[in-house]
Amino acid sequence: MRRRRQRRGTAGARPRPGEEAASGATAARGGLGGRGLAASRPSSQPFLLGLSPALRSFALRDRSRQRLGPLPTRCLRYPGGLEETDRPPLGGETMRKFNIRKVLDGLTAGSSSASQQQQQQQHPPGNREPEIQETLQSEHFQLCKTVRHGFPYQPSALAFDPVQKILAVGTQTGALRLFGRPAVECYCQHDSGAAVIQLQFLINEGALVSALADDTLHLWNLRQKRPAILHSLKFCRERVTFCHLPFQSKWLYVGTERGNIHIVNVESFTLSGYVIMWNKAIELSSKSHPGPVVHISDNPMDEGKLLIGFESGTVVLWDLKSKKADYRYTYDEAIHSVAWHHEGKQFICSHSDGTLTIWNVRSPAKPVQTITPHGKQLKDGKKPEPCKPILKVEFKTTRSGEPFIILSGGLSYDTVGRRPCLTVMHGKSTAVLEMDYSIVDFLTLCETPYPNDFQEPYAVVVLLEKDLVLIDLAQNGYPIFENPYPLSIHESPVTCCEYFADCPVDLIPALYSVGARQKRQGYSKKEWPINGGNWGLGAQSYPEIIITGHADGSVKFWDASAITLQVLYKLKTSKVFEKSRNKDDRPNTDIVDEDPYAIQIISWCPESRMLCIAGVSAHVIVYRFSKQEVVTEVIPMLEVRLLYEINDVETPEGEQPPPLSTPVGSSNPQPTPPQSHPSTSSSSSDGLRDNVPCLKVKSSPLKQSPGYQTELVVQLVWVGGEPPQQVTSLALNSSYGLVVFGNCNGIAMVDYLQKAVLLNLSTIELYGSNDPYRREPRSPRKSRQPSGGLCDITEGTAVTEDRCKSPTSDIKDNSFSRSRSSSVTSIDKESREAISALHFCETYARKADSSPSPCLWVGTTLGTVFIITLNLPPGPDQRLLQPVIVSPSGTILRLKGAILRMAFLDATGCLMPPASEPWKEHNVPEEKDEKEKLKKRRPVSVSPSSSQEISENQYAVICSEKQAKVISLPTQNCAYKQNITETSFVLRGDIVALSNSVCLACFCANGHIMTFSLPSLRPLLDVYYLPLTNMRIARTFCFTNNGQALYLVSPTEIQRLTYSQETCENLQEMLGELFTPVETPEAPNRGFFKGLFGGGAQSLDREELFGESSSGRASRSLAQHIPGPGGIEGVKGAASGVVGELARARLALDERGQKLGDLEERTAAMLSSADSFSKHAHEMMLKYKDKKWYQF
């Protein structure tokens, strides 16, 4: 061991004063580029055995290139002298990547130490770390998106296939969401990102046409699990405004801004030469341009008649065969939409003045009827007052009653503040249905796809700005259907997310049972009518749960198993606080801009079902799960004063605090009796607000339904006019009965069983005499400390109002400020060191420890890790009587950048979960004391190492914004080190289980997703995925076990992805199918008399009219055809993996189809040859049948 330390000393690492406690962090700063022992172990790489060091280094690089492509700069291994320092600088010293003096020292020392290093690489010292066989390789990793959940963000278009029963929604960002039966969803994206202005299904054909704002049409193939574009058509000279595709037709009518109509063959996606020019359509009926085309539809009874609506108010009935207008209908007000009666004799128009006009086809002079649905009828026959525009109208008929006229908009202008409405007019009744958001579009769902039959409407699907509503037209009162899709993620803005894979199997049923009682009543009794497609085969069998925290203080639990999403249970954390009735009644919450109950951090123990949340108003709430309803007379509450002043520090300890058995900063050292509410008015001597929490806890009894019930409320209070800083880290341990949280002022630990504060220290006091930054605590009265979501270590000073800023305000501000380096020279910055990571564990706190014990590991934004020991009372009987002894161990470890995550491995490399307690019903009517004793007597579930021999070691895995280290315990030697990024910083790092092994997964601000093996920290995956463009991504991105991850891709949608090769391979089977073979319903019967007298629907040979032979070719400059990647043309360039397999399969099918075609041609030729032979044989037979044998 002495030789190893001596060798490391030659690499130029300078010891610092007081470094004894941090020897574990500095011991590994060796000559292998900051990798410690990572490269000095040939046995961990079997293919390196027997090679010289030079060949071994080349082989490592070559093998890395084969797996990961070009080796990133950060993965290069430098020679002994080239080392990047990772220690915090002293005083005003700034950190440099390379020190020229150290380079020269390394060169001079290289020759003398080379032989010694070779010897040590080939023959490691006898007391090296035990070798762990790692099973994860780079081939186990592949990154791909899986599914997207939630409401389509900024929707703009809607379509429905009445035969396949599939709904399509387009958005302003070019996204396409397809919905079938519950759990059958699909997400697609147009590459251009242009807004979708219209969608048209090829009904029962498994295809969809999308029209975009960039004047491009796309044909989507829905007959595959991942829809793809088959063709695209880009209009070059005209803007597309409206499209119409008749049922069972291959000719798409496209209206433009100039008023012209072009016709597209959807099979080849080419333009026909047939064009309807605007001047021919209106001729002399108008002296000016009629405006853009806003409507196109063919007469339900005569396909040869096309109804064209222009924005100015002109409507033209065009005869396609004669190429001229039959009738022209003119109205003074602009037109927004047009709809036919199914008999084809009448149509209805909606106008910009809130009127509806009904026209007879053969009476173009004036409308038959003019209706103002929401206008006030004036006396003396005067025209009603104008109303808001009616944006859309639909006209649907029924066999057994009056027709339905359904419209959106048209409200009176004097209805200020009234919510958007959908109006349903049926006979003499008019129902006005108020919506929560503005209406984007709506469609009436009918029994038949044929426009010339009675429509029999049964529902209306309404696409709102932030919701999707389905109204039952068949029931009185028009109730809505219960929506089975997970579209309520954004009911309140999402502020944080956590993802748990492989949860206990009884957890989802338990949450569902308590959540089922929360469901609203009054829904339609019918089943959800959008039920197309088929479910995929779920290859994943483990339970997955997503927890979302929201701006209104609610917490939602979602079942995310097998790439589906379903809400299980909703918890409202704001119920424990008094609601402010008016602005004057908010003396304490005024430090929060908005959403004072917003959730910032969630800590959850799935085994014990204990839940802890931290809110934006510096409040922490502990919840216990129960299936029984209880009434809490007094809500248990604690106040914590977590801000220190230099003149009157409340702790009597010196710089190194002794073991703390009493709550520091609390007036009562014993378990405090529950308080009904905090003191509401307190001020210091100079009149500043003091000892006042941000929120007021309810003083009245609280009825708590089955589910999560409040166990304890902890609030930070104002100190000397300074508001409490937001909580930056949070951890809960159900086995110890402890909750700990920290912010940029310090750390506090609470015993939620005894309802007592155990620890209350500033970050500076955690260092004791080992503080390397030489700083002093400052009085908050002298200067104020700004604070954001995490304590920012950046230039400048924030205004006071930002210190309790709502997380939702980050959506408006995309700037992301955070500690990007440990090089901090300003004392002012250093004094704002925040607690950034907390982890309970049973491990070794000191080098001299012979056995593991309960500990808390604390990480800060300046890269320091403290270890605090926990002395729990012996036995379950004493746990509620004796206090927990908390004492700093004196051990300090250091990394570069803010600490993000910590975890522990046992001697075999297996992940050690924190100790936990199995869940048991807490609220039972029997003797509670007996129940508690029985509960405490059960064995505590702890990490595997506690039952192993004490001589076996553990590994602490610590991930910071810049690097990761694996530290051997109890020796505290740095076994492995990996500099994750030099130019960026890690946003999220998680230690996760995958394929019966463990790895470290990281997401960087530069968009890279990386994984590293454990414990050796070998790079396994490095893929550029998504740059940090929004605080929302940073706040919600998280990894979990089995190769799963997610983040909030938009304010309303969750994007799930996987980094597991196995999941990528199985994804195709897990996805649902949108298209299923369904027979098209029979066409309506024309009847005897209609057939006899020609009253039925008139068909049209569109091929004859629009084909190239009769209409000619369209101008090439008008539109450009672009073959899509979903067609045969794009197959050869398809990517590898699942998509490539699909492409190859399609290519194989196409080749098989071509071979079958050739075979069919050859068979036809043989058949023709056989026919010819048979004909000649028959002629021969006729010629000789009457001749005798002797006549031949």
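Every number in this text was worked out from the coordinates using simple rules, so none of it is lab data. Please read all numbers here as calculations on a predicted model, not as lab measurements. Cβ placement follows ideal geometry from the backbone for every residue including glycine, while neighbour counts extend to all protein chains displayed.
Can you compute the equivalent ellipsoid semi-axes for segment 514-564, i.e. the square root of 5 times each eigenvalue of the Cα gyration tensor, sorted largest first and rounded to whole Å?
Square roots of five times the eigenvalues give 23, 22, 10 Å.
How high is the relative contact order of segment 438-582? Use alpha-carbon pairs under 8 Å, at least six apart in sequence, and give a whole percent.
Result for segment 438-582 is 19 percent.
Can you give me the pair-distance distribution of segment 496-540, C-alpha pairs, 10 Å bins, whole percents?
Per 10 Å bin, starting at zero, the Cα-Cα P(r) for segment 496-540 comes out as 15, 28, 42, 15 percent.
So how compact is segment 972-1051: Cα radius of gyration and Dmax in angstrom?
13.0, 44
At 0.692 mPa s and 37 °C, plugging the Kirkwood radius over alpha-carbon pairs of segment 340-399 into Stokes-Einstein gives what diffusion coefficient in µm²/s?
Once the numbers are plugged in, D ends up at 260 µm²/s.
Cross-link list Lys376/Lys428; Lys305/Lys392; Lys225/Lys556; Lys896/Lys977; Lys388/Lys466; Lys145/Lys570: which exceed 20 angstrom alpha carbon to alpha carbon?
Lys305/Lys392; Lys225/Lys556; Lys388/Lys466; Lys145/Lys570
Label-point separation (nm) for Val505 and His1178, each offset 7 Å from Cα along Cα-to-Cβ?
So the label points at Val505 and His1178 sit 7.3 nm apart.
Determine Rg/Rh for segment 266-406; Rg is computed over alpha-carbon atoms and Rh is the Kirkwood hydrodynamic estimate from the same atoms.
When Rh is taken as the Kirkwood radius, the ratio is 1.00.
For Ser574, what charge total do you get from the other residues with a beta carbon under 13 Å from its beta carbon, if Lys and Arg give +1 and Asp and Glu give -1? Before the final figure, lay out the partial values.
Details: positive: Lys570, Lys572, Lys575, Lys579, Lys696, Lys698; negative: Asp552, Glu578, Asp595.
Result for the local shell: +3.
Could you work out the Rg to Rh ratio of segment 376-489, with Rh taken as the Kirkwood radius (inverse of the mean 1/r over all Cα pairs)?
1.00
Read phi for every residue in segment 998-1010 and hand back ³J(HN,Hα) as whole Hz from Karplus 6.51 cos²θ - 1.76 cosθ + 1.60, θ = phi - 60°, with x for Gly and Pro.
3J(HN,Hα) across segment 998-1010, in whole Hz: 10, 8, 9, 10, 10, 10, 9, 5, 7, x, 8, 10, 10.
Give me the distance in nm between label points sitting 7 Å out from Cα along the Cα-to-Cβ direction at Lys383 and Asp191, one decimal.
With each label placed 7 Å out from Cα toward Cβ, I get 5.1 nm.
Taking a quarter of the surface of the convex hull around the Cα atoms of segment 406-457, what do you get in nm²?
Working: hull surface 19.1 nm².
Hull-based average projected area comes out at 4.8 nm².
Can you list residues whose amide H is under 5 Å from Val719's amide H, if they're 5+ apart or on another chain and H is modeled 1.01 Å from N?
Those lying under 5 Å, H to H, from Val719 are Asn691.
Pull up all non-local amide H partners of Asn743: gap of 5 or more, or a different chain, and H-to-H distance under 5 Å with H placed in the peptide plane.
Amide H neighbours of Asn743, under 5 Å, 5+ apart: Thr728, Ile835.
Could you work out the mean projected area of the convex hull around the alpha carbons of segment 123-281, in square nanometres to one decimal? Could the numbers behind the result be given before it?
Details: hull surface 62.7 nm².
Averaging across all directions leaves 15.7 nm² for the Cα convex hull.
Taking the C-alpha atoms of segment 137-216, how large are the radius of gyration and the largest Cα-Cα span, Dmax, in Å?
14.5, 49
Under the 0.36 nm per residue contour assumption, what length would be gained going from the current alpha-carbon distance of His1121 and Ser322 to full extension?
So the chain would gain 284.7 nm between His1121 and Ser322.
In nm, give the distance between the simple-model label positions of Glu139 and Gln518, each being 7 Å from the Cα along the Cα-to-Cβ direction.
Between Glu139 and Gln518, the simple spin-label model gives 4.6 nm.
Along the three principal axes, how long is segment 427-526 when you take its alpha carbons, biggest first, rounded to the nearest angstrom?
55, 27, 27
Hey, what do the phi angles of segment 170-175 turn into as Karplus ³J(HN,Hα) couplings, whole Hz, using 6.51/-1.76/1.60 and θ = phi - 60°, x for Gly and Pro?
My calculation for segment 170-175 gives x, 10, 6, 9, x, 7 Hz in order.
Quote to one decimal, in nm, the extra length available between Ala1165 and Asn1006 on full extension: 0.36 nm per residue of separation minus the C-alpha distance between them.
Extra length available between Ala1165 and Asn1006 comes to 50.9 nm.
Show me, for segment 846-857, the HN-Hα J-couplings you get by feeding each phi into the Karplus relation (A = 6.51, B = -1.76, C = 1.60, θ = phi - 60°), rounded to Hz, glycine and proline as x.
Karplus-based 3J(HN,Hα) across segment 846-857 equals 10, 4, 7, 5, 9, 8, x, 9, x, 9, 10, 9 Hz.
Could you calculate the contour length gain from Ser705 to Arg239, that is, 0.36 nm times the residue separation minus the distance between their Cα atoms, to one decimal place in nm?
On the way: separation 466, 0.36 × 466 = 167.76 nm, distance 5.71 nm.
Fully extending the segment from Ser705 to Arg239 adds 162.1 nm.
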